[in-house]
Structure formats: C-alpha cells, structure tokens
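Take a look at the structure set out below.
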Amino acid sequence: MALRGWVAAARAAAGLRRPCPGRGFAAGRAQRPPTFGFLLDIDGVLVRGHRVIPAAREAFCRLADAQGQLRVPVVFVSNAGNTSQHCKAQELSALLGFKVEPDQVILSHSPMKLFSQFHEKRMLVSGQGPLVENARVLGFHSVVTVDELRAAFPMLDMVDLERRPKTMPLPRSDFPAIEGVLLLGEPVRWETSLQLIMDVLLSNGRPGMGLATAPYPHLPVLASNMDLLWMAEAKMPRFGHGTFLLCLETIYRKVTGKELRYEGLMGKPSILTYQYAEDLIRRQVERRGWAAPIQKLYAVGDNPMSDVYGANLFHEYLQQTKCQGSEELGPGGLRKQRPSATQSCASILVCTGVYSPKDPEPAETAPGADEPPFHGHRDFGFSPGLMEASHVVNDVDEAVQLVFREEGWAW
C-alpha cells in the first residue's frame, strides 16, 4: 500500500480527522525548512497504558502535512525497555494513525549499542519481553536470561515454596562463567531476579560455586530506565525499573557494605540518551533533504524527574560544550561525538501523566525541615533548578501549538 493510502487507512482506524478543520497547512503555501525538532515521551504524553490520549491525535494532525509526511523531525524517546523498537513503532503507528518508523523510536536501552567493549562478553540479562532478541539487536552476542540461569541452578531460587526443587540436583561445573549484567527493564519475579543477580555479582559470575569473599569491584553492570514511577491506566503512578534498581542497590550495600557500581546508566535523564536522540534527529533531517540544521530541540514529557530534568541537563551540557569538547565519561556514559549544531533544548511538561497540577505545591520549609523527596537516581546529583520546566501545558497538542508559535510556524 502506498504511504499516503497507509496513513489514510491508519487514520481512519484510529478515528483521526483529516484534514483538520481550520488547522490544515495551506495548499501551495511555502514553508521554510525546520530548524527545530521534537523529542516526545510516550507513556503519559501520547498514551496511558494501551489507550491513546486524544490530544496526541490532534498534535499529529498539526505535525503531519496532507501527504502524511512530518513537517518537522520527531523522535519518540521512551524509558520503556520491555519491547523492541520495531514493535513500539508498530504500536505507535496503530494508536496515532501515523506511520512511525523504528529508527524514530529510542527505548531506554537503545544507547547500549555504543558500549561495544562489552558486546563479546557473556552477559546475564534481566527484564521481560523479547530479552534475548533485544540484547542481540543491541550488539550482545552471548546472553543468558535469569530463567535460564535458574534452570541451570534451581537451588538458587528459594523464596517461592512451590518452585523449590523437591530433590537437590548435582552441582553443575560445565556452565560458562557470566562476565557482566544487563538490566533492560523491570522483571516479573523481582525476588528471583534480585537473588540471582546478587548471586552472580557475589560469586564473580560463578553462582554454582560461590566465593568466600565477594569481589570488588564487581562484574560490570549496565542498566537502563531509572524511572522510579510511571503512569499507566491506574489513578496513581506505578513502580518503574528505577524502583527495582533501588532495591538491588540497597541489598548489595546491605550485604557487602559497598556501593553497587554501573559501567553505564541510560534512559532519561542520562545525557547519553539525548545525544543518541539528537543523532537520530540529524539523520531524519538528512533523509528528508532539509537544508537547515536543527538548532533547537523541544522535549515534551510528563515526568519532572526524568523528562524535565533530563532535557534541562542536556541543555546545560549543550551550553558547556559550545566552547569545549565532549570527551568526558560520567554516570550516563557520555561518548565522543561530532560537534553539534543543536544550540539548546527546551523542556515542556504536560499534565496528562505523572505530573498533575492538582498536586499541592510544597510549602516553604524552615531550616532543618524535611526536604521534598528526590525521585531521581543516586548517581545523578540533584539540582532543584533542573526540575523546573521551560513551559507547562495541559497536553501534547498544546505543546505543539506553543512550539509553532515560538518558531513562527503556521498550522
């Protein structure tokens, strides 16, 4: 089916109107090449669980022209990790009535492709969904899942009485040592994953044998998605992978007296994720033949700690690197990259997800009083100013309208 026909069919299935009355891009009216682009969060901005937010359909009615082509570059930046880019692109296409390509989607673990020094190691992978497929797409050639490790050493998983082995199998000596840990997203059985990940770290990758003294530094750990909470259909936020990481870090420190260390942390608010998104924006511009470089990014999200904090952190990074190179390695795993044409990144907070304007404003606290809780990851130092969005709007459609006004664009 031709692209235009595909878009029309998808729009009809999603209930989208086309053209949008009063909002169509005037036929024959020239539009200058875009010098700005969008980084759109998904959960809480475009969808709530498996339900599309109506404002998202309206937003894409403005962002796409009559031929179903985007008028500006757009990348979908999600902290989800329990799916593949291809599946997420298909899901968004069906929900939004607009054909989303896989290379427009960034999942929390997508930047792991850059950590090639670990791609040949035998890695334990935790999460759910197509774990092995996702790990291989990211470049990891030898992975073992928590379930496979449990099957090889069933005596390790002892919490669930019904799953305990009735007879103790002989210890295995032919199981290859594990050389690192990949944490792609929250697992289903937290107690099993927490126990077996700890076993691997404390035994230096040989959980069937164990060691008298736990090694430190421990095996390399790569993790994605630091969201403590996320918004689905429930009225209150749900635990995210950041909550699982908090559990693992706390257990490791309690058992060993030392801090769990990461070789790389990715997903918002890591600057590495925004560097990766910026690179995909640049590729879209080149593919579409737009002559002007993208100078400003607008990051739209619903979570002040991941979306707003990350966009503002990236904006600070862009200001700092105008006069110096980007060769530092930090908690997000920053990488060397070509000089960027992007000059700024503005954060836009919507009220359809984790953030709610109905939440009471924090009262002025006296010296020594309790501070508001910090929901971010411990490895990203807290700066209250980075929690303040450049703009606060009701929904993503209002965000698109605001940006078009700022940039002097018609819709």
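What the table shows:
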quantity: Added length on full extension, which subtracts the Cα-Cα distance from 0.36 nm per residue, Ala212 to Gln343; calculated: 41.9 nm
quantity: Vicinal HN-Hα couplings computed from phi for the stretch 84-101 (Karplus, 6.51 cos²θ - 1.76 cosθ + 1.60; Hz; Gly/Pro x); calculated: 10, 4, 4, 5, 5, 5, 5, 4, 5, 4, 5, 6, 8, x, 9, 6, 9, 8
quantity: Largest-first principal axis extents of the Cα set of the stretch 250-319 (Å); calculated: 56, 23, 22
quantity: When the stretch 208-327 is reduced to its Cα atoms, the Kirkwood hydrodynamic radius in Å; calculated: 17.4
quantity: Derived scalar couplings ³J(HN,Hα) [the stretch 198-212; Karplus, 6.51 cos²θ - 1.76 cosθ + 1.60; whole Hz; x for Gly, Pro]; calculated: 4, 4, 5, 5, 6, 9, 6, x, 10, x, x, 10, x, 9, 5
quantity: Where N is the number of residues in the stretch 52-204, Cα Rg divided by 2.2 N^0.38 Å; calculated: 1.35
quantity: Computed over the stretch 27-95, Cα set: Rg, Dmax in Å; calculated: 13.5, 44
quantity: Theoretical FRET efficiency, 1/(1+(r/R0)^6), r = Cβ-Cβ of Phe239 and Asn394, R0 35 Å, to 0.05; calculated: 0.85
quantity: Interchain or long-range residues, amide H under 5 Å from Ala80's placed H; calculated: Ser108
quantity: Residue-span extension gain [Gln69 to Ser116] - 0.36 nm each, minus C-alpha spacing; calculated: 13.5 nm
quantity: Convex hull of the stretch 125-229 built on C-alpha atoms - directionally averaged projected area, nm²; calculated: 7.8
quantity: Mean Cβ neighbour count within 10 Å, used as a protection proxy, ranking 152-158, 266-272, 309-315, 342-348 highest first; calculated: 266-272, 309-315, 342-348, 152-158
quantity: Long-range HN-HN contacts of Gly376 with modeled amide H, under 5 Å; calculated: none
quantity: Under 5 Å, built H, 5+ apart or other chain: amide partners of Arg122; calculated: Glu179
quantity: Nearest-10 value in Å² for the accessible area of Ser142, using the 1.4 Å probe; calculated: 40
quantity: Span from the the stretch 377-392 Cα centroid across to the the stretch 206-275 one, whole angstrom; calculated: 20
quantity: Phi to ³J(HN,Hα) by Karplus 6.51 cos²θ - 1.76 cosθ + 1.60 over the stretch 112-117, Hz, x for Gly, Pro; calculated: 5, 4, 7, 8, 5, 5
quantity: Peptides ranked, highest mean first, by Cβ atoms within 10 Å: ranges 208-214, 95-101, 46-52; calculated: 95-101, 46-52, 208-214
quantity: Sequence of Ile251, Ile281 when ordered by accessible area, the most exposed leading, probe 1.4 angstrom; calculated: Ile251, Ile281
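The values are calculated or read from the model by the stated rules, or taken from the named source; none is laboratory data. None of the values given here were measured: they were computed from a predicted structure. All Cβ positions, even for glycine, are placed from backbone atoms using ideal geometry, and neighbour counts span all protein chains on display. Ligands, DNA and RNA are excluded from the accessible area calculation, which covers all protein heavy atoms including side chains. Shrake-Rupley method; radii C 1.70, N 1.55, O 1.52, S 1.80 Å.
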